[in-house]
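The values are calculated or read from the model by the stated rules, or taken from the named source; none is laboratory data. Predicted model, so just to flag it, every value in this text is computed and none were measured. Note that each Cβ is placed from the backbone with ideal geometry, even for glycine, and that neighbours are counted across all protein chains shown. Quick note on the areas: whole protein, heavy atoms, side chains included, nothing else; ligands and nucleic acids left out. Shrake-Rupley method; radii C 1.70, N 1.55, O 1.52, S 1.80 Å.
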Amino acid sequence: QGVQPSAQEWAAHGGSSNEQYYSQLTQIDASNVADLKPAWFFEYDTVRGQEGEAIVADGVLYISTAWSKVYALDAKTGAELWKYDPKVPGEAGPKGCCDVVNRGVAVSDGRVFITTFDGRMVALDAKTGSELWVADTIANHAMDYTSTGAPRVFKGKVIIGQGGAEKGVRGYVTAYDVATGAKAWRFYLTPPPPGVVDGEVSDRVLEEMARPTWFGDLWHTTGGGGAPWDSIVYDEELDQLLIGTGNGSPHSHYLRSAGQGDNLFLASVLALDPDTGEYRWHYQQTPGDSWDYTSVQNMILADLEIDGRPRKVILHAPKNGFFYVIDRESGQPISARPYAEDIRWATGIDTTFWRPIEVPGARYVDRPFLNSPHVGGAHNWQPMAFSPRTGLAYIPTVRNYFTYSATSGPHQGEVIDPSELPKSDAYLQAFDPLTGQERWRVDANGWKPDTGGGGVLVTASDLVFQGRGDILGEMLAIDARSGEVLWRYATPNAVMASPITYMIDGEQYIAVSTGGGGGGNPLLGSTNPPREKQPGRMVVFKLNGTATLPAPPPLAGPATDPDEVFPADKVALGAQVYGRNCIFCHGMNRQQSNIITDLRRSPVVANAQVWRAVVHDGAFLSRGMPKFDGKLSVEEVEAIRNYMGAESQALARDQRAGVAER
Ligand SMILES: O=C(O)c1cc(C(=O)O)c2c(n1)C(=O)C(=O)c1cc(C(=O)O)[nH]c1-2
Ligand SMILES: [Ca+2]
């Protein structure tokens, strides 16, 4: 099973160079998991989403939080050893599509690497947290680049990609020298506009292979997308880097590329030479992506016996709903089967050319198309896990729907009534990569349907650990073979991140970052009942731990003066302006966002002067609330307040009438 680092710790993203989210530790097992209790917890200084996966090396637990801050904690006691705050400017917050999250650090040879939300790669001294070097990873500051992923270290280099394809960027990965921060090489994932030469290692392959797959000219200015914002794996056995690439920008293939061409290297798995960045092979999973179907979802390296032959494979469940087993020597797919229910855009993947068999109309050119999976995918960044013992992949899965609007013709602007959308569902499934069968599932009714709960860990004692985004923020331990839930514990905060495990002084620990947020929800609503945002925390369990976790704070009531009159015309204008400017972070209509505290409960809404200072003049810039001076008039800003005030009063009325909140 490849190269295993010390099984005692969690030295690398995904637990080892195979990134299987599998641990050889077995102290905690089915017979004693009921005694798993908090050993310690550590509170962060932010309430924004926590997606960081901890690294544990030499007894120290390193964790990144929202706003790209890093803590080094004593892994046994939780005592703070040092903290690093890169001071990401609040103004950078709204550049991202999906909250100011960070998925982790890399640790190697006495250095800790973090890429900040605004795109700085920082090397820190692992002992002290002091800066060793800083490199600007952003190629073009005029575009809304952000960076949310965890860097990976390999052969004296550290690599990162970035996000921003919802806003218009041109994706790439960059490798830096670990000692100096000097740029080693950069590989762009879409061609430059005609006439531009990057002078990078990707130049030739982009000219020869990629450019002929792009049409029209909108992509010249949007960059085309392809942002590799999460999964990068260094395949030690085959000495190659595997990059999962992102979606097209803009989403519509019809607009982006005149409806023609595959648009390489969007939505692909790409193998590069680690030393030079030279192209080796690629497999494009969603040619001409038109649905935000990123292939950045976590890639697991495994050795499987397929038809009697041992194969070195990648296991991959990208957003598009199909589970791919890919030969990682040749880049050839071995199988591609649905792991999601009710996939609407394609009926399957043909096994001759390994291309999707698309459903007519799925590209929503003339008419809207009700699609599944939706823009958040059937599986997002929350890592799946693979157990070489059970041979099963454990995938946080969702069934979810979205209406893509027509991009031309008389049906533009038509929408499907959201009440007609089929029901969304989130679940953890055990999936057999050899047969494509689902073995069991643990239903997640009431989890947020966009993510299907948090990342997954599986151990050699055949326990699967996963956190939930529900109101209790439960951590679960599940029998890896039967799917029976053996243990649950309220954290009590939403959990998105992956749990990890490690052993110190003869005791096994399970550690997970808690705190809700991230992408998807604001646009799509949530099935969670509302709750007050809590500070993120590192929560660590062991057998018979004795720490007590804080109780969840009470939910604030609607804050508006019940007698203030909000005229209907202002409310209507406010709703429109809100829809264009605010929903990405603050949530759609009356459904609360999972990123920001519910505005209907904000005292700021009750005070026109404070509201103007915050929304128009930027009083909360340092917290990530943009300033709308120059973008919205004072009247429009006040109209949004009227809309929110009316919503707040409606909430108060509902509460008096005993109407359950969504
Ligand atoms: O296309 C992109 O550049 C990009 C970036 C990111 C990101 O960096 O977080 C997400 C997405 N797309 C995306 O489509 C998505 O569903 C998503 C969810 C999340 C999250 O952290 O919860 N990020 C992102
Ligand atoms: Ca995206």
Report summary line: Within the stretch 366-403, restricting to residues that are in a strand (DSSP E or B) and open to solvent by 10 Å² or more (accessible area, probe 1.4 Å), the one that is nearest to ligand 2 (Cβ to nearest atom) is PHE402
Report task. Considering only the stretch 221-255, state which residues are within 15 Å of ligand 2 (Cβ to nearest atom) and not in a loop (DSSP other than H, G, I, E, B). Result -> THR222, GLY224, GLY225, GLY244, GLY248, SER249, HIS253
Query raised in the report: ALA175 is checked against (1) surrounded by 19 or more Cβ atoms within 10 Å (Cβ to Cβ); (2) away from ligand 1 (no atom under 16 Å from the Cβ); (3) more than 22 Å from VAL105 (Cα to Cα) and fails just one. What number does that condition carry?
Result: (3)
Report summary line: Scanning the stretch 468-505 residue by residue, the ones that are part of a loop (DSSP other than H, G, I, E, B), buried (at least 24 other Cβ atoms within 10 Å of the Cβ) and of a type outside the set (A, V, I, L, M, F, W, C) total 7
Query raised in the report: Is at least one residue of the stretch 213-220 within 16 Å of ligand 1 (Cβ to nearest atom) and either assigned to a loop (DSSP other than H, G, I, E, B) or open to solvent by 40 Å² or more (accessible area, probe 1.4 Å) (or both)?
Result: no
Report task. Only strands (runs of 3 or more DSSP E) wholly contained in the stretch 289-362 count here; list those with 2 or more residues that are touching a strand residue (DSSP E or B) at 6+ places or on another chain (Cβ under 7 Å) and touching a residue at least 24 places away in the same chain (Cβ under 8 Å). Result -> 299-306, 309-316, 322-327, 333-338, 346-349
Requested in this report: Those residues that are in contact with a Pro (Cβ under 6 Å, 6 or more places away or on another chain), in contact (Cβ under 8 Å) with a residue 60 or more places away in the chain and under 26 Å from THR459 (Cα atoms), I need them from the stretch 381-436; list them, please.
Outcome: GLN382, ALA393
Requested in this report: Please enumerate the residues belonging to the stretch 573-587 that are in contact (Cβ under 8 Å) with a residue 60 or more places away in the chain and either among the aliphatic types (A, V, I, L, M) or in contact with a strand residue (DSSP E or B) (Cβ under 9 Å, 6 or more places away or on another chain) (or both).
Outcome: LEU573, ALA575, VAL577, ILE583
**Report entry** LEU621, sole failed condition from (1) without any contact (Cβ under 8 Å) to a residue 40 or more places away in the chain; (2) under 30 Å from LYS87 (Cα atoms)
**Finding:** (1)
Report summary line: By residue number, the members of the stretch 553-574 that are part of a loop (DSSP other than H, G, I, E, B) and open to solvent by 80 Å² or more (accessible area, probe 1.4 Å) are PRO554, PRO562, ASP563, VAL565
Report task. Evaluate the following for GLY96: is it over 19 Å from ARG152 (Cβ atoms) and within 19 Å of the chain's Cα centre (by Cα)? Result -> yes
Report summary line: Exactly one of ALA11, ALA66, ALA75 is away from ligand 2 (no atom under 16 Å from the Cβ) and within 16 Å of the chain's Cα centre (by Cα), and that residue is ALA66
